[in-house]
1. Just need the relative contact order of segment 582-727 here, percent rounded to a whole number, with Cα pairs under 8 Å and 6+ apart.
2. With a 1.4 Å probe and all protein chains kept in place, how do LEU558, LEU682, LEU917 rank by accessible area, largest first?
3. Could you tell me which residue out of ILE459, SER479, ILE436 lies farthest along the dipole of segment 409-561 toward its positive end? Charges go on the beta carbon: Lys and Arg +1, Asp and Glu -1, centred on the Cα centre.
4. Listed here are the pairs LYS499/LYS673; LYS822/LYS850; LYS594/LYS725; LYS822/LYS861; which of them are more than 22 Å apart at the Cα?
5. List the pair-distance distribution P(r) of segment 582-727, using every Cα-Cα distance, as the percent of pairs falling in each 5 Å bin from 0 up to the bin containing the longest distance, rounded to whole percents.
6. Against the globular-protein guess of 2.2 N^0.38 Å, express the Cα radius of gyration of segment 375-493 as a ratio, rounded to two decimals.
7. Listed highest first by mean packing, meaning other Cβ atoms within 10 Å per residue, what order do 483-491, 204-212, 380-388 come in?
8. In the full protein assembly as shown, how much of SER924 is accessible to a 1.4 Å probe, in Å² to the nearest 10?
Amino acid sequence: MSAMREGNCESNGQAGQEGVLLVVDKDGHIQAVEGGAGELFGREPSTLVGLSLAELLGEECAAWWKEMQGREWRTTDPPATWTGRILSPEGSEVQVEIEWKPLVGAASMGGLLQLRFPNPELSKLRRDSQASLPSGLSCSSCCLFVNAPYAVARHRLLYDANDRPSDYLFLEVNPAFERLTGWESSKVIGKTVRDLMGDAAAPWIQRYGEVVASGRHATFQDFAQRLNRWYYVVAYPTGGDEFIVAFDDVTERVQLAHERELLTKRLEHVLDTTPTVITVLERQRDEFVPVWVSPNVEILFGYTPEEALVPEFWIHAIEPEDRERVLRQTEQVFRKGENWMEYRMRTKWGRLVWVQDYSRVTRYENGEPQEVIVSWTDITRRVLDAQELEENLRELRAILTTAQELATSLNPQQVAESIVRLCVEVLGARLAWLGIAEPSGYVRPLAWLPAESKYLQSIRVRHDQQPKVQGATGRAIRSGRVQLTEDVFTDPRFSPWRKQAIEAGFCTSAAFPLTSRGQTFGALNVYSDQAGFFSARRLEVFQTFAHLAAAALQNAFLYETAQERLARLEALHSIDIAMADRVSLATPLEELLKQLRDRLGVDVALLFTYDPERHELLCTAYYGANSPPTQPIVKLGHYFAGTAAAQQRRVVVENVPEALDRFFDANWVRAEKLQWGCAVPLLRGTELLGVMEIFQRRPFQPDPEWFAFLEMLAGQAAIAVDLAKQAHEAEAAAIALRDAYDATIEGWSRAIDLRDHETKGHSQRVADLTVRLAWAVGVEPEQIIHIRRGALLHDVGKLGVPDAILRKPGPLTPEEWEIMRKHPQYAMDMLGEIEFLRPALEIPYCHHEKWDGSGYPRGLKGEEIPLSARLFAVVDVWDALASDRPYRAAWPHDWIVEYIREQSGKHFDPKVVEVFLEMIQKLSLRNHR
């Protein structure tokens, strides 16, 4: 009917207003009513008992009461007040002011609801009703007294001569009064409180006097000494000097509260000395809010209890990375009843702490959550100890794993990479690199991680005694002791590298010597971006790794040296084998250049041969260069190569870009970006054969063993050049001899053609055509020469046939044919003993064999016939049919093609016929054009 509003600490009722009392249980139902209520609501008072507030006073008033009943109430809180309108018995709206005060707690036993009416007519009606009752209480009032679960008494205030309250009289009490006080009603009614309690009643008399004088109700909690009980009291003025008191025995609750207070103090004392904070969250409407937190929250987290009771405190204190997980797990506490979890929180000072959170839910009898008790225990030390233990175990496992890898690896590069990878990925370094001390005084980085780090590219590290480079790495190598730079910003010895280190983000570093068998040969360098990174334990761990690395590297270097020496011996052997192979004259030089690349790591190599007549060096071979030198000739005694040749000694140029004037082709040297060079003369005794130049595109400091192997290769190169020279001369002689052989063969073929006029020019034609056919079918190139020779000499056996038969103008008799068919055997007998012609005998001996086996002299069949003879057979018949003979004219082209195709599979190899006819067609078309 009107807007509901909540009362403040004082009642809004005015003196002189009339009203009635209703006793309401915790569910909002009427338990008892005061006199006048029946007439006010137009029904018997007893029928009002059991009604809900919504049924009696309307939905608006009931909604207000429900909200007030859900509040947290303390004994010192004033009643709540609502002003609105309700329906009168006649159905009209009447304004009413209602006060609500729970007796023990809104969630436990209910309380009193007082209705006040400013309307004079209703007030008069109620007064008339009360006046008709002889006891001052209506029958409905008796219902109140009988049914109320707490004590109710009606009193009249008595005054002294000075008109001050001095006592009060018991007019009426209900059964609950007898139960709660132990005083029977017959011994109480008509007596004063002083009769019962003596002077101990003085505080009670004073309070009730104030209620009557003010016309306002009062609530309080006090101790009755005579009864030795605590009571919670609500006193209402009823007009005149009379008042009603309703009270409940709260002794047990007070004692529990007292015990709770003692326990709380003890708990606070305990909590002050323990790393656990307790907080209590109570349900308010649909959420739980913190209502209490142990004072030690300020000790552990830096927040005062008041700050910690802010609802947002806990969520904001959780480390952001953990927040989502914690909130998700928190929801489980209402499902499981309790929950354990661990997460990180930030103190008020910004320190990160680990807490163990244990939450437990308490519930009402109906199972609804009542409150959540949460404990936060600081487990930072435990977590850090566990993390340290886990880190130690992880490091130990890494050490064991790496130790196993190092024990089985004989590759220095792999060993170094394993060490730096472990330093960065397992031990948490920002950068790690492992360097080897070089004879030149520099430290050569062998492996580093991260691979993309620019720090190593920006510095050069030495290990010698140069005063300007007294860095940690050099000191560690020279002294054999760990060199720690705790702060790169302030350590004066780190100044040469400070700028690069700061740019890389480093703030501390350490160098660990690599020592094996009493010799320090390098250092493991570790950098970090964390101040204090190198604790005593970490230094010990890194030093352990350095010892492991040193032993493994030393073994790997020894193995690598042995392998390299063996490989160099094998290289010399392979060059010897290449020099012994006279099939390819370039093989020794090619093998030499290959070994320069594989065994000495040379980037570029040039080989010069010496011309003693011109006193010049000519570049005859090169390796690794992008292009050959543009000026390949060097005069003896001039430039780099000429100096080594003239002085017959090794010449080294450490810095090529600064000595370009010493090179015969400076532009080529500049274009190839050469940095280091060496020239070695090639000698046979004291005879100069040439010069070998080698170059590197990077700074290079070879050791004596490297130079010794270079000298060996130079000696092999000299032998190779000498052999190449001799081989060249021998090859020239062999070519001349071969040409003489071929000229002789061609002379024989012409002699055969001259002896047999019918075959004049025939041998040369069939030789040329057979070579073409051999290429067409894919005969190996080295066999072509033998096929040509065989074709030229195919009829050499006819030299053994008498002229009478060979030149007979008419047909031959069977006896004459028998002699003629022996000419293949004559060819074998004549040429079989000549070694260089033996590969060419297949055609003279087998060119009359036929594919179907009907040929002679041996009747070979199919692929039993040598390929060269099968090729020649087709060509021989083609040329014979295409040539004029004394006894017939040459056949037309088409007739010959038809005949060759018809003889395929009989006389000729079908595959050879197919290739031959295709070749002839192409030749005919080409000639036609």
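The values are calculated or read from the model by the stated rules, or taken from the named source; none is laboratory data. Everything numeric here is computed off the predicted structure, so don't read it as measured data. Virtual Cβ from ideal backbone geometry, glycine too; neighbours counted across all protein chains shown. Heavy atoms of the whole protein, side chains included, go into the accessibility calculation; ligands, DNA and RNA do not. Shrake-Rupley method; radii C 1.70, N 1.55, O 1.52, S 1.80 Å.
1. Relative contact order for segment 582-727 comes out at 25 percent.
2. Most to least solvent-accessible, the answer reads LEU558, LEU917, LEU682.
3. Projecting each Cα onto the dipole axis, the largest value belongs to SER479.
4. Flagged as over cut-off: LYS499/LYS673.
5. Final binned percentages: 2, 10, 21, 25, 22, 14, 5, 1, 0.
6. After normalising by residue count via 2.2 N^0.38 Å, the value is 1.35.
7. Descending mean neighbour count gives 204-212, 483-491, 380-388.
8. Accessible surface of SER924 is approximately 50 Å².
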